[in-house]
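One structure follows; several queries about it will come next.
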Amino acid sequence: MRRYVKPLSLTFRQLEKEHALAILNWRYTSPYDYYNFDADTVQEDLRYLLDVKNAFCAILNLQGELEGYCSFGSDAQVPGGDYSAEALDIGMGIRPDLVGQGRGKQYAQAVARYGVKQYRAQQLRVTIAEFNKRAQRVWEQLGFEQVEKFIKIGSGEKFVVMACASVDSWFYIYCCND
Ligand SMILES: CC(C)(COP(=O)(O)OP(=O)(O)OC[C@H]1O[C@@H](n2cnc3c(N)ncnc32)[C@H](O)[C@@H]1OP(=O)(O)O)[C@@H](O)C(=O)NCCC(=O)NCCS
């Protein structure tokens, strides 16, 4: 039986220092601890998260509480991937206590919709660690398909790139009827 998932009301804001400090302390459980920030590089990571070039946004609920973050552009690319095609790269992370509860599609949809509007993107793309089938499933649910598999330069980790064919039809299917 499908579980009932309450619709989300989310807003997006440029990431501020208080958000960044909270995110640096988030701890995902294994195997997703891969996404934890390193306690030894807090100052460096803080600068990175707050650097406007990296386009990090806070995902807030109606009470203004931080539920996640997303990034657009080069932060969401991984060395070794083929990014020659024009597309908006999307990265995201949801607060550890909110993951795994069936809301991934709604968060990802909201992030993609925000990205399309903000950046007038014609194509969308995500790069995901190959082991992370949960994240891949979320984007697959939103009509994204795998277009590349590659090994990250310098680490040997495997990644997949997923993209949606056309933002116009994607927007029509996934954003007009909700
Ligand atoms: C990626 C992320 C947004 C997904 O959101 P979520 O709320 O955890 O995902 P959900 O609970 O909605 O699960 C998504 C789907 O994956 C499935 N899933 C869960 N674990 C899985 C696994 N190990 N293998 C395959 N599918 C899995 C779920 O059953 C669900 O599919 P369904 O709707 O068909 O049942 C969230 O986990 C997150 O922010 N993770 C940390 C950062 C990260 O992973 N970033 C990746 C870059 S996008």
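The values are calculated or read from the model by the stated rules, or taken from the named source; none is laboratory data. Just so it is clear, the model here is predicted, and its values are computed rather than measured. Here Cβ is always computed from backbone atoms with ideal geometry, including for glycine, and neighbour counts include all displayed protein chains.
What pairs come up if the first residue lies in the range 134-147 and is without any contact (Cβ under 8 Å) to a residue 40 or more places away in the chain, the second is among the charged types (D, E, K, R), and their beta carbons are under 6 Å apart, counting only those six or more places apart or on different chains?
VAL138/LYS105; GLN141/LYS105
Would you check which residues across the range 126-178 are of a type in the set (Lys, Arg) and within 15 Å of the chain's Cα centre (by Cα) and list them?
LYS133, ARG134, ARG137
Let me ask another. Evaluate the following for LEU49: is it within 16 Å of the ligand (Cβ to nearest atom), at pLDDT 95 or above, buried (at least 16 other Cβ atoms within 10 Å of the Cβ) and farther than 21 Å from GLN146 by Cβ? Before you say what the answer is, go through the steps one by one.
Values: within 16 Å of the ligand (Cβ to nearest atom): yes; at pLDDT 95 or above: yes; buried (at least 16 other Cβ atoms within 10 Å of the Cβ): yes; farther than 21 Å from GLN146 by Cβ: yes.
Yes; evaluated as a whole, the condition is true for this residue.
Scan the range 37-92 residue by residue and report those that are part of a helix (DSSP H, G or I) and among the β-branched types (Val, Ile, Thr).
Hits for the range 37-92 are THR41, VAL42, VAL52.
Here is a further query. One residue is enough: does the range 143-161 have a residue meeting the conditions modelled with pLDDT of 95 or more, within 12 Å of the ligand (Cβ to nearest atom), farther than 21 Å from TYR35 by Cα and crowded, with 16+ Cβ neighbours inside 10 Å?
yes
Looking at this structure, is ILE90 under 23 Å from GLU18 (Cβ atoms) and surrounded by 16 or more Cβ atoms within 10 Å (Cβ to Cβ)? Don't jump to the end; show me each part of the working.
Details: under 23 Å from GLU18 (Cβ atoms): no; surrounded by 16 or more Cβ atoms within 10 Å (Cβ to Cβ): yes.
No; evaluated as a whole, the condition is false for this residue.
If you go through the range 110-133, how many residues are surrounded by 18 or more Cβ atoms within 10 Å (Cβ to Cβ) and more than 15 Å from PHE171 (Cβ to Cβ)?
Residues in the range 110-133 being surrounded by 18 or more Cβ atoms within 10 Å (Cβ to Cβ) and more than 15 Å from PHE171 (Cβ to Cβ): 5 in total.
So which of TYR32, TYR107 is under 22 Å from SER155 (Cα atoms) and either exposed (fewer than 12 other Cβ atoms within 10 Å of the Cβ) or within 12 Å of the ligand (Cβ to nearest atom) (or both)?
That would be TYR32, the only listed residue that is under 22 Å from SER155 (Cα atoms) and either exposed (fewer than 12 other Cβ atoms within 10 Å of the Cβ) or within 12 Å of the ligand (Cβ to nearest atom) (or both).
Filter the range 59-103 for residues that are within 14 Å of the ligand (Cβ to nearest atom), of a type in the set (A, V, I, L, M, F, W, C), farther than 18 Å from ARG125 by Cβ and touching a residue at least 40 places away in the same chain (Cβ under 8 Å) and give the result.
Hits for the range 59-103 are ILE59, LEU66, VAL99.
When TYR174 is evaluated against the numbered criteria (1) among the aromatic types (Phe, Trp, Tyr); (2) farther than 17 Å from ILE90 by Cβ; (3) in contact with a Gly (Cβ under 7 Å, 6 or more places away or on another chain), which criterion, by number, is the only one it fails?
(2)
Further, regarding this structure: For the range 110-130, what are the residues that are within 11 Å of the ligand (Cβ to nearest atom) and among the small types (Gly, Ala, Ser)?
Residues satisfying the conditions are ALA110, ALA112, ALA129.
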